[in-house]
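The values are calculated or read from the model by the stated rules, or taken from the named source; none is laboratory data. All figures in this text were calculated on a predicted structure; none of them were measured in a lab. Cβ sites come from the backbone with ideal geometry, for glycine too, and all protein chains shown count toward neighbours. All accessible areas refer to the heavy atoms of the entire protein, side chains included, with ligands and DNA or RNA removed. Shrake-Rupley method; radii C 1.70, N 1.55, O 1.52, S 1.80 Å.
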Amino acid sequence: RGDIPLVGGKGANLGELARAGFKVPPGFCVCATAYKAFIEAHRLREAIAHLLTILQSGDPTLIAQVAQDIQARILGKPILAEIADEVTAAYEKLGPEFPVAVRSSATAEDLPEASFAGQQETFLNVRGVPALLEKLHHCWASLWSERSISYRQVQGFDHLRVYLAAVVQQMIPAEASGVLFAADPISNDRGVMVINSSWGLGEAIVSGLVSPDAFTVLKSDLSIVDRVISSKETMIAYADAGGTIQVAVPLDRREVPSLAEAQIVELARVGRSIETHYGEPQDIEWAYAGGQLYVLQARPITTLKEEIEWNRSMFVELFPEPLSPIFTSVLKSLLQGMLDFTFRTLGFRPSPDMEAAGIFYNHPFFNRQYIEKTLAGLPPRTRDKLAAEIMNPFGEQEGELSLEPSPPALRMGYGLLRFMLSALSQLPRIIERYQQELAAIESAPIETQSDRQVVDHLLHIAYRSLPQLLNYDFLMIALTGIMYQVLGRILRAYFGSEAEALHAQLISGVAGNMTVKTNKGLWDLAAQVRRSPALRRLFQTTPAEDLLSALRTNREPEVHEFMGALDRFLKEYGHREIRIDIVYPTWKEDATPVFGFIQRYLEADEEASPYVQEERLGHAREEAERRIDQRLGRDLRGRLIRPLFRWILRHSQEYSRERDTMHFYMTASFPILRRIVFELGRRWTQPGWLDKPEDLFFVTIEELKTFPDQARPLQDLVRERRAEWERSKDRAIPIIIRGRQEIYAEEARPGQKQVRGTAGSPGRIRGRARLIRGPEDFHRLQRGEILVAPLTTPVWTPLFAVAAGLVTDTGGILSHGSIVAREYGIPAVVGSKVATQLIADGQMITVDG
């Protein structure tokens, strides 16, 4: 589709569709360079320029005479022998006397977006070389028709910088044909597709000769929601001598639908795929011949009004399951403040009249228009790339972010640099203040305080304490991605194919990672169990959910000693979560996940110890740093780059480590928030406003603000929201919502055998795949198996000590799975999109990271 200057919009689109695997009738393009060579060889440019001076008077009545004169000059000169030979050779590859369409496809020099649709001639059912060359000649002349000249005059195009290509394409003996709109062009509804269909060639519809059948198809499930069957009395067919003719449709077919139901569904599926490929709704010409569907053209539907795009690609990994209403209401406010802080830091003024985030199906989504509108001052390429980075800083982006010179870009660069220089020094103070605020609320006697005082504690955490961490966390993630790109660029220049493995080593084994610290604590507990026959027997024979009661009733000394160590572990790490939502209990409230992780660690040998892994990876990282340092020191350019490389590397390592640190401290608020919710829920259950205390998780923070002053029964509201929350658990959640259109995760192709993704952690391993879809499956992963999952979160980390490799559907180089796989030294491929669809549980697979 980038070849519009060479073959025009029509030719470029057909090539794009063919390259993308859609069924396009075979053919070839006679490039604009052929027309240009013809004009120059016959010295027609000067003659045409002279005739065009007549139009400078502004008299529109002169256009017809100028058009006639120019066309006569073009048709009076022969096609160059070289061009005729090439066209003949290409045509003969299609087959002797093959019927083709010759379609004009104009373009403008240095103006690739100008495709001049419909302004030049198209010839159908052309047979044989002489007829083909004649129609090509007439296509070139049609660039100078009265209609085409008038169009360019009105649009302000320079006539002499417009050229013409021609598409020569096999004619399809269509039984039925027509147009598919991948959105309703009348109602602007992007959730449906509209198909117009009739018998014979599609020109009958385009020319208005016939009222077509119309089918409306729901885009989400391809169900046919409306159909109108017209009386199709006429159709266009091929003429034996070439060209087309109008013929009467037999009486018994006029009222019959021109498409069978299966054809409608197939056509709609292809139309949806074409829209996904282009990223916007398309106007698609199609035909059925011999039972085979052919795509004849696709172009954007230019009449659609802009609709807000909601995008949740960043949140797929963070929040894989529906969130409770109270948590989403807090989260929506946090996300608004987070993006506003990010944009102000980068020197932009956040858009004041748009929401940054929305909640759909109990999941958070970013508002793409809010981000793009705020970044509107940047050059388009930089703006689009930065918007993609902001919407999903964890994901793998196409290309690298580069700042095209402009005042907003320079301000942004300055803001990023200033933040980098100050963030790490300010972070300890921010965390300390946050912890002090949480400690003050945690120690408050909320059981004796008023409803208003208790609600104010919750509001303080949501609106004052958490934003301090989240705002810095998001910018550090974004910065890590940018710095990682810079490191990669330098490494590729000096190490070529080795760069990716070195890249991963450089940010592995960095001491201080809070997730690794947590796992060291779990490993220590497992080691204590391993040393005690009584504890080992208990853990090997008792389900994780029953272990706590079994341990409490056991009087053996080593069990008592273990319970003391468990209490100390939970005091430090007990706020950790099984899912990121305060509706679920933390480890301190329900230690079942902790026991499950200990049971997994009992199966691991000493090589899987997080202590051993950290030391081994630390040595490998230091060795990689020494090697790179030596290589950069060998030439002047490298010596100049080396200080910058060291500085960026240090910040990349520290920011990568602090990502887990921030998550660790943010979830420290969860037990306190849960205590507040249960206290208020207990109070409001007594007068009958709620059925049970946990119902308060289905009330929003905005409603909590007013409730102490406007108490009222909430049962109906809670029942409705709980039912919606449960429904969201059972449905697929779109990645993008655009109006009524919903775009879902990529599906595997029929017959697909290989899964590709992002190299998350280096290495290669072959082993048995174990599909783990959520925490309820953790117990199924055995030592040495490859963990195959939709995604991973910090809760999954202990599984990495058991797994031999990792494959995920989502994620990028900075996602949780990549970071932890590198810390454990196991190969990982992340962001595969379709791994859990294609890989069978227990299948033998090879993972090449």
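What the table below lists for this structure:
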read-out	value
Which numbered condition residue 96 misses (of (1) at pLDDT below 85; (2) open to solvent by less than 40 Å² (accessible area, probe 1.4 Å))	(2)
Contacts under 6 angstrom Cβ, first residue in region 413-441 being free of Cβ contacts under 8 Å to residues at least 40 places away in the same chain, partner open to solvent by 50 Å² or more (accessible area, probe 1.4 Å), 6 or more apart	413/403
Complete set of residues in region 176-219 that are in a loop (DSSP other than H, G, I, E, B) and surrounded by 18 or more Cβ atoms within 10 Å (Cβ to Cβ)	182, 183, 184, 189, 190, 200, 201, 202, 210, 212, 219
Residue list for region 765-801, filter: without any contact (Cβ under 8 Å) to a residue 60 or more places away in the chain, in a helix (DSSP H, G or I) and surrounded by fewer than 20 Cβ atoms within 10 Å (Cβ to Cβ)	776, 777, 780
Members of region 220-267 found to be within 14 Å of residue 175 (Cβ to Cβ), in contact with a helix residue (DSSP H, G or I) (Cβ under 6 Å, 6 or more places away or on another chain) and part of a loop (DSSP other than H, G, I, E, B), listed by number	232
Qualifying residue in region 176-199 (condition: touching a residue at least 60 places away in the same chain (Cβ under 8 Å) and under 30 Å from residue 52 (Cβ atoms))	no
Candidates 296, 259, filtered to the one that is touching a Phe, Trp or Tyr at 6+ places or on another chain (Cβ under 8 Å), under 25 Å from residue 11 (Cα atoms) and not charged (D, E, K, R)	296
Flag if residue 73 is assigned to a helix (DSSP H, G or I), open to solvent by 60 Å² or more (accessible area, probe 1.4 Å), charged (D, E, K, R) and in contact with a His (Cβ under 9 Å, 6 or more places away or on another chain)	yes
Boolean, residue 814 is part of a strand (DSSP E or B) and in contact with a Phe, Trp or Tyr (Cβ under 9 Å, 6 or more places away or on another chain)	no
Residue ranges of helices (runs of 4 or more DSSP H) in region 543-662 with at least 3 members surrounded by 14 or more Cβ atoms within 10 Å (Cβ to Cβ), touching a Pro at 6+ places or on another chain (Cβ under 7 Å) and at negative phi	592-602
Some residue of region 780-792 being of a type in the set (S, T, N, Q) and over 26 Å from residue 479 (Cβ atoms)	yes
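Listed here are the residues, each with its yes/no results for (1) among the basic types (Lys, Arg); (2) more than 20 Å from residue 659 (Cα to Cα); (3) outside any helix (DSSP H, G or I); (4) modelled with pLDDT under 90.
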residue	(1), (2), (3), (4)
350	no, yes, yes, yes
372	no, yes, no, yes
400	no, yes, yes, yes
404	no, yes, yes, yes
411	yes, yes, no, yes
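Residues checked against (1) charged (D, E, K, R); (2) open to solvent by less than 10 Å² (accessible area, probe 1.4 Å); (3) without any contact (Cβ under 8 Å) to a residue 12 or more places away in the chain:
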| position | (1), (2), (3) |
| --- | --- |
| 303 | no, no, no |
| 310 | no, no, no |
| 323 | no, yes, no |
| 336 | no, no, no |
| 362 | no, no, no |
| 373 | yes, no, no |
| 381 | yes, no, no |
